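A.B. asks: One structure coming up, written as structure tokens, with questions to follow.
Every read-out reported here was derived from the displayed coordinates using simple, explicitly stated rules and does not represent laboratory data. All figures in this text were calculated on a predicted structure; none of them were measured in a lab. Note: ideal-geometry Cβ built from the backbone for every residue, glycine included; neighbour counts use all protein chains shown.
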Amino acid sequence: MSLLDPTAPKDDAADDLIKDGSDAGFMADVIAQSKIQPVIVDFWATWCGPCRTLTPALEKQVRVAGGAVKLVKIDVDKNPAYAGQLRVQSIPTVYAFVNGQPVDGFQGAIPESQIKAFIEKLSGGSSANSDVEQLLALGEESLGLSDFGGAAQAYAHVLTLEPENEDAIAGMARVYLAGGDADQARQTIAMAPVDSKNPTVISLRAQLALASAAPTAEVAALEARLRADPGDHQARYDLSLAQAAAGELKAAVDSLLDIVQADLEWNEQAARKQLLVVFEAAGLSSDIAKDGRRRLSSILFA
């Protein structure tokens with residue numbers, strides 16, 4: 001089945017877990033089957049826009065659950081009987097059946113994280129989810145030990161189970177960046193959605209932006225310019241870029257705050273704007289970001 005079109009043919013691997021249902025087959029596909037394992041019923045229609053968002057996400061999470069649940073998709077225009085009996089008043093509507101009875105459900109397109117939680121609650125959790133969590137923890141531990149090979153293997157394994165897992169995408173990008181391959185890190189992080197809210201994805205993108213903005217001038221030359229003229233904001237700004245590109249984020253924050261304190265409006269508030277990028281690179285909940293925001297606020301509102 002296409003991720004863009006719920007009506008498209010599904011692939012053979014999905015046949016056992018995901019099925020196009022009907023009123024005629026409802027008793028066998030849903031009621032009888034739910035006495036063996038939980039069955040999720042997705043009531044949808046071809047004209048329903050939210051269905052085109054929800055159905056692919058449902059399919060993905062059903063596959064991730066590794067057989068813990070099954071999914072039956074029912075087009076309400078072609079099969080109105082059971083939708084009517086279950087009082088489906090809007091679509092998409094999802095019901096979960098266990099032992100022949102509806103036990104849970106929801107209406108409308110919900111975030112994938114909620115779909116995942118819905119399935120985990122229904123199935124009592126899946127071994128696949130547990131494996132992913134363990135692999136992500138292993139990857140994080142390996143990165144902390146500078147075992148980049150071990151981290152790469154862990155994150156790659158997660159991506160074979162969940163190709164769109166943003167933690168694993170960000171983890172693999174961190175491996176490349178730590179190994180000095182910024183270009184490959186950029187290609188990897190591009191796999192995550194542009195509007196991702198994942199904190200690690202946001203941080204990696206900010207770090208890569210800082211790395212690409214590093215000035216060509218040597219740090220020693222910039223420091224010499226500042227000794228000669230402490231009011232040279234461009235030199236101090238370039239120094240902050242070099243510090244950030246080298247991973248010295250606290251030093252970069254100090255340099256940028258010096259500019260803000262001296263002249264907030266310099267270069268259309270470039271220093272204040274760059275501070276926000278550094279905070280993202282450090283992680284918005286990091287000590288560097290928290291202390292930097294506090295110091296910035298004290299300057300702006302003094």
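A.B. asks: Among Arg205, Arg174, Arg236, which one shows the biggest mean-square fluctuation in a GNM of the chain, springs joining Cα atoms closer than 10 Å?
C.D. replies: Highest fluctuation of the listed residues: Arg236.
A.B. asks: Here's something else I'd like to know. Could you name the aspartates and glutamates in cross-link range of Lys70, using Cα to Cα under 14 Å and dropping any fewer than eight places away on the same chain?
C.D. replies: Counting by Cα, and skipping residues close in sequence, Lys70 has these aspartates and glutamates nearby: Asp15, Asp16, Asp20, Asp29, Asp42, Glu59, Glu120.
A.B. asks: In the structure displayed, which of Lys60/Lys290; Lys19/Lys121; Lys19/Lys197; Lys35/Lys197 lie more than 29 Å apart, Cα to Cα?
C.D. replies: Details: Lys60/Lys290 37 Å; Lys19/Lys121 21 Å; Lys19/Lys197 32 Å; Lys35/Lys197 39 Å.
Distance filter (> 29 Å) returns Lys60/Lys290; Lys19/Lys197; Lys35/Lys197.
A.B. asks: Taking 8 Å as the Cα distance limit and 6 or more residues as the minimum spacing, I'd like the relative contact order of region 90-190 as a percentage.
C.D. replies: Working: 95 pairs, mean separation 15.4, N = 101.
RCO, region 90-190: 15 percent.
A.B. asks: Also, I was wondering about something else. 222 nm [θ] for the chain, helices only, -39500 (n - 2.57) per DSSP H run of 4+, per residue, to 500?
C.D. replies: Values: 13 runs with 164 residues, N = 302.
-17000 deg cm²/dmol, from helical runs alone.
A.B. asks: Sum up the charges of everything whose Cβ sits under 11 Å from the Cβ of Asp75, counting Lys and Arg as +1 and Asp and Glu as -1, but leave Asp75 out.
C.D. replies: On the way: positive: Lys73, Lys78; negative: Asp20, Asp23, Asp42, Asp77.
Net charge in that neighbourhood comes out at -2.
A.B. asks: Run down the aspartates and glutamates and flag those whose C-alpha is under 13 Å from the C-alpha of Lys250, throwing out any fewer than 8 positions away in its chain.
C.D. replies: Lys250 reaches Asp258, Glu280, Asp287, Asp291.
A.B. asks: Then there's this: Could you work out the per residue convex hull volume over the alpha carbons of the chain, in cubic angstrom? Spell out each step's value before the answer.
C.D. replies: Working: hull volume 51.1 nm³, N = 302.
Cα-based convex hull of the chain, divided per residue, equals 169 Å³.
A.B. asks: How do the peptides 34-47, 191-204 rank, highest first, by the average count of neighbouring beta carbon atoms within 10 Å per residue? Show your work: numbers first, answer last.
C.D. replies: Details: 34-47: 19.0, 191-204: 15.6.
Sorting 34-47, 191-204 by mean packing, highest first, produces 34-47, 191-204.
A.B. asks: Compute the separation of the alpha-carbon centres of region 82-112 and region 243-296 and state it in Å as a whole number.
C.D. replies: Spelled out, the Cα-based centre of one part sits 49 Å from the other.
A.B. asks: Then there is this: Based solely on C-alpha atoms, express the radius of gyration and the Dmax of region 219-300 in angstrom.
C.D. replies: Looking at region 219-300, its Cα Rg and Dmax stand at 11.9, 37 Å.
A.B. asks: Work through the residues other than Phe301 whose Cβ is under 15 Å from its Cβ and net out their charges, Lys, Arg +1 and Asp, Glu -1.
C.D. replies: So the surrounding residues net to +4.
A.B. asks: Taking springs between alpha-carbon atoms closer than 10 angstrom, which of Asp263, Asp167, Asp238 fluctuates most in the Gaussian network model of the chain?
C.D. replies: Asp263
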